[in-house]
Amino acid sequence: MDLELAGRRALLLGAGRGLGGAAAVALARERASVALVARTRAAVEERARLCREAGAPQALAIAADATDPAQLERAVHDAAAGLGGLDVLVTLVGGSQPGGAEMDDAGWALALDRNLWPAIRATRLALPQLETSARERGALPPASVDAPGSRQQSVVLHVASIWGREGGGSMSYNAAKAALISLAHEQARELAPRGVRVLSLAPGSVLHPGGSWERRLRSDPQAVAEFVRREIPFARFGTAEEVGDTIAFLCSPRASWMAGACVVVDGGQSRSF
Ligand SMILES: NC(=O)c1ccc[n+]([C@@H]2O[C@H](COP(=O)([O-])OP(=O)(O)OC[C@H]3O[C@@H](n4cnc5c(N)ncnc54)[C@H](OP(=O)(O)O)[C@@H]3O)[C@@H](O)[C@H]2O)c1
C-alpha cells in the first residue's frame, strides 16, 4: 500500500535509535523528508544517513536536548527552516526512573521533563507550521457536513506506553505517560478543526540496541526472560521496526479518520481493552 507520504516533512524528537530511529527510516522509505533530533550528534547523523539511503529526499540531523526549552525551540526552528515547513511531528522523548510515593520533587520534575513537557512544548512550537501546511493542502473542514472532506491533515503523534493506559512501570513514568495520552486526546479535539490530527501510541516492551530493555536484559537475563514469557503472549519482545512501521501508517493520509485515539502496539501484552 502506498502510504501517500511522499514529500511530507516530518520532525521526530528522540530519533537517534530505537522507536524514533525506526520510525524515521519507515517514513524515509515512503519518500518523506525527515528531521531527526537526539542529544548524541553522531547517532542522529548516522540515522539521517540511513534515512537518505532508504529514500528520504532530505534528512536533517539536529543535536539537541528536547527537555531544554531553548534547545527544543531551536530544534523545531531548524527543522522547519531546513525542510521548508512541517507536516508531521512525532514526539518520542521519554523514559522511566525508579521511585514511588516518597520520591522527591526533583524526581517528579525529571519524569515530567522527560515524558510530558517536550510533547507540550513541541506541539506549541510546531503548530504554526503544521497549520500552515494543512491549510495549503486544503485540509480544513468542508463547508457542509455531507461533503467528502480532506484526508490531508497535518499530524502530531505522541509516543506514550501501555504503562500510561494501565498499571505497570514506575509510578512517575505511568503518571506522566497517562498525562501524555490525555494531552493527545484533548489536543485532537481542539486541533481537528484547524486541520491537525493528533494521536498517541502505546507500545509494549520493545528490545533494541541501546534501549532500556537491553540494559535490563543484560543485568538480569533470567528475570527478564521470565517477564517476557509471562507477560507477552508471543513470548518475545517487540521490535523497533514493528513500532516504526505503525508510526509511519498513523502519520499517513491512510489513517485520516484516526484522531484522539491511543493506539496500542504491544503484541497482546497489555491486560486492558
Ligand atoms: N522501548 C520500549 O520498550 C518502550 C515501550 C513503551 C514506550 N516506550 C516509549 O517510546 C519512546 C522511545 O523509546 P526508545 O526505547 O526508543 O527510547 P530510547 O532508546 O531511550 O531513546 C530513543 C532516542 O531518544 C533520544 N533522546 C533521549 N532523551 C532525549 C532528550 N532529552 N532529547 C533529545 N533526544 C533524546 C535518544 O538519544 P540520546 O540519548 O542521544 O539523546 C535516542 O536517540 C519513549 O518515550 C519511551 O518511553 C518505549
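Every read-out reported here was derived from the displayed coordinates using simple, explicitly stated rules and does not represent laboratory data. Keep in mind the model is a prediction, meaning the values are calculated, not measured. Positions of Cβ are backbone-derived with ideal geometry, glycine not excepted, and every protein chain shown enters the neighbour counts.
A Stokes-Einstein calculation at 20 °C with viscosity 1.002 mPa s, built on the Kirkwood radius of the range 1-86 over Cα pairs, returns a diffusion coefficient of 175 µm²/s. Remark: the range 221-230, residue by residue, has Karplus-estimated 3J(HN,Hα) of x, 5, 5, 5, 4, 5, 4, 5, 5, 6 Hz, where x stands for each Gly or Pro and the curve is 6.51 cos²θ - 1.76 cosθ + 1.60 at θ = phi - 60°. For the chain, averaging the sequence separation of C-alpha pairs within contact (under 8 Å, six or more residues apart) and dividing by the residue count gives a relative contact order of 19 percent. Each Lys or Arg adds one and each Asp or Glu subtracts one; over the other residues with Cβ under 11 Å from the Cβ of residue 63, this totals 0. For residue 261, nonlocal amide neighbours, meaning residues 5 or more places apart or on other chains whose placed amide H falls under 5 Å from its own, are 200.
Packing order of peptides 229-242, 201-214, highest average first: 201-214, 229-242 (average count of other Cβ atoms within 10 Å over each peptide's residues). Remark on residue 34: its backbone amide H falls under 5 Å from those of 10, 58, 59, 60, a criterion applied only to residues 5 or more positions apart or on other chains, H modelled at 1.01 Å from N.
Largest first, the extents of the alpha carbon coordinates of the range 190-273 on the three principal axes equal 50, 28, 20 Å. With the highest mean first, a sort of the peptides 74-80, 123-129 on other beta-carbon atoms found within 10 angstrom per residue produces 74-80, 123-129.
The angle separating the long axis of helix 18-29 from the principal Cα axis of greatest extent in the chain is about 30 degrees.
For the range 1-118, relative contact order (Cα pairs under 8 Å, six or more residues apart, normalised by length) works out to 26 percent. Diagonalising the gyration tensor over the Cα atoms of the range 77-175 and scaling each eigenvalue by 5 before taking the square root yields semi-axes of 35, 17, 9 Å, largest first.
A Förster distance of 22 Å, applied to the separation of the beta-carbon atoms of residue 68 and residue 182, puts the FRET efficiency at 0.35. Taking K and R as +1 and D and E as -1, what net charge do the other residues with C-beta under 13 Å from the C-beta of residue 220 add up to? With Lys, Arg at +1 and Asp, Glu at -1, the net is +1. The C-alpha atoms of the chain define a longest principal axis, and helix 117-136 lies at about 20 degrees to it. Compute the long axis of helix 41-54 from its Cα atoms, compare it with the longest principal axis of the Cα atoms of the chain, and write down the angle in degrees, 0 to 90, nearest 10. Helix 41-54 sits at roughly 60 degrees to that axis. Residue ranges 109-115, 84-90, 167-173 sort as 84-90, 109-115, 167-173 when ordered by packing (mean number of other C-beta atoms within 10 Å per residue, highest first). Relative intensity of the chain on a log10 scale, I(q)/I(0) at q = 0.10 Å⁻¹, equals -0.48, per a Debye sum over C-alpha point scatterers of equal strength in the absence of solvent. Gap in Å between the Cα centre of the range 218-273 and the Cα centre of the range 93-161? Comparing the Cα centres of the range 93-161 and the range 218-273, I get a distance of 20 Å.
Of all the C-alpha pairs in the range 33-133, what % are more than 15 Å from each other?
Numbers: 3256 of 5050 pairs.
Every Cα pair in the range 33-133 considered, those over 15 Å come to 64 percent.
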